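Student: Below is a structure I'd like to ask you about.
Every number in this text was worked out from the coordinates using simple rules, so none of it is lab data. Please read all numbers here as calculations on a predicted model, not as lab measurements. When we count neighbours, we look across all protein chains shown, and the Cβ atoms used for this are built from the backbone with ideal geometry, even at glycine.
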Amino acid sequence: MTSNAERQRAYRERHLHGVDGKGDRLNMVISMHTKISLERLASCYGVTKKAMLEMLVDQAEQALLEPATGSQRDGYYKKRLRMEWPVIR
């Protein structure tokens, strides 16, 4: 018989290696307003909150990189580029 902690660990391991075999956990506290906004956006587009968050991050990254110069892109990928907020218009 497995303990609750063992079942949780097994569940997390299965979901870390999802469809593409890659995954990572993200554990944080966000404001209630942001959580509700994410839920509404996901519902509106008929996707999960995870899928919605991934789409938003991908779009934000594309918006930043599209007009970037080569050296800016290099700095971005090396986590050295600093931009003024907001970067999304």
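Student: Identify which of the listed values of Cα Rg over 2.2 N^0.38 Å was calculated from the structure shown: (i) 1.82; (ii) 1.45; (iii) 1.32.
Tutor: (ii)
Student: Further question: Below 13 angstrom from the Cβ of Met52, what's the summed charge of the other residues (Lys, Arg +1; Asp, Glu -1)?
Tutor: With Lys, Arg at +1 and Asp, Glu at -1, the net is +1.
Student: Using the alpha-carbon atoms, what tilt in degrees (0 to 90, nearest 10) does helix 49-65 show relative to the longest principal axis of the chain?
Tutor: Helix 49-65 sits roughly 20 degrees off the main axis of the chain.
Student: Fewest Cβ neighbours within 10 Å first, please rank Lys50, Lys79 accordingly.
Tutor: Least crowded to most crowded, the residues run Lys79, Lys50.
Student: Working from Cα positions, state the angle (0 to 90°, nearest 10) between the long axis of helix 32-45 and the longest principal axis of the chain.
Tutor: The answer is roughly 90 degrees.
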